[in-house]
Amino acid sequence: MRECSYWLFKSEPSGYSFHDLLNEDNHTAEWDGVRNYAARNYLRDQVKLGDKVFFYHSNIKPPAIVGTAVVVREGYPDFTAWDPISEHPDPKSTLATPIWFMVDIRADDFLPNEVTLTQIKLTVGLENTSLLKRARLSVHPVTREEWTIIIALSKRKQSC
DNA sequence: GCCAACGTTGGC
DNA sequence: GCCAACGTTGGC
């Protein structure tokens, strides 16, 4: 019996928001379009069924973790890569030799309060979190301790 | 809108 | 295989 792992997935809400995920059938969607090797490796090799996911909104004021989701399908080829009219086509990726991978996630719920990037930067225990160390990565590992701290933060009303 | 950080590409 | 040029991300 494997313990679940924790992740943080980024999305620009102008393109795809947590609200969009909640509005999907069964609150579930393919996490497609990742075209970065480090993120791909996580999706292909390490993100497992039942793992928990923070949904982070980037490129918005303020950038913040807004909700949680759960992995409902493990890594499989991102077929949007070999669809020439998809948003992120990659002719080098084929059915026989896929390069890019995705997982499916199902929205759980909004956090009681969003946890902003500023809060994350100011919170003891989160100073080494991957989000702060590798700013441009779109899929980050989160430790169990970090997950617990962020969940606790989300239950606290912000004064500013 | 700016621009720093950083991942990717491609010439050599 | 190095590394300069280039493109993208994303906070500010």
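Since every read-out is calculated from the coordinates, none of them should be taken as a lab result. Fair warning: this is a prediction, and the values are worked out from it, not measured in the lab. Methodologically, a virtual Cβ is constructed for each residue, glycine included, from the backbone with ideal geometry; neighbour enumeration extends over all protein chains shown.
Per residue, the average separation of C-alpha pairs within less than 8 Å and at least 6 apart gives segment A:6-154 a relative contact order of 30 percent. When both segment A:35-78 and segment A:1-16 are represented by their alpha-carbon centers, they are found 3 Å apart. Modelled spin-label separation between residue A:110 and residue A:151, with each label point placed 7 Å from Cα along the Cα-to-Cβ direction: 2.0 nm. Between amide H atoms placed 1.01 Å from N, distances below 5 Å from residue A:73 occur with A:104, all of them 5 or more places distant or on a separate chain. For segment A:58-160, the list of trypsin sites (Lys or Arg not before Pro) that fall in a loop by DSSP and count at most 14 other C-beta atoms within 10 angstrom reads A:92, A:134, A:136, A:155, A:156, A:157. Note on residue A:37 and residue A:19: the model spin-label points, each 7 Å out from Cα along the C-beta direction, lie 3.8 nm apart. Among the trypsin sites (Lys or Arg not before Pro) in segment A:1-62, those located in a DSSP loop and surrounded by at most 11 other Cβ atoms within 10 Å of their own Cβ are A:2.
Between residue A:26 and residue A:143, the contour length at 0.36 nm per residue exceeds the Cα-Cα span by 39.4 nm.
Across A:63, A:89, A:141, mean-square fluctuation computed from a Gaussian network of chain A (C-alpha pairs under 10 Å connected) peaks at A:89. Here the gap between residue A:49 and residue A:86, fully extended at 0.36 nm per residue and compared with their Cα-Cα distance, gives a gain of 10.7 nm.
Computed across segment A:6-154, the Kirkwood hydrodynamic radius from all distinct Cα-Cα pairs reaches 15.6 Å. Dimensions of segment A:1-51 from C-alpha coordinates, computed as largest minus smallest value along each principal axis and given longest first, are 34, 26, 15 Å. The long axis of helix A:144-154 is offset from the longest Cα principal axis of chain A by roughly 60 degrees.
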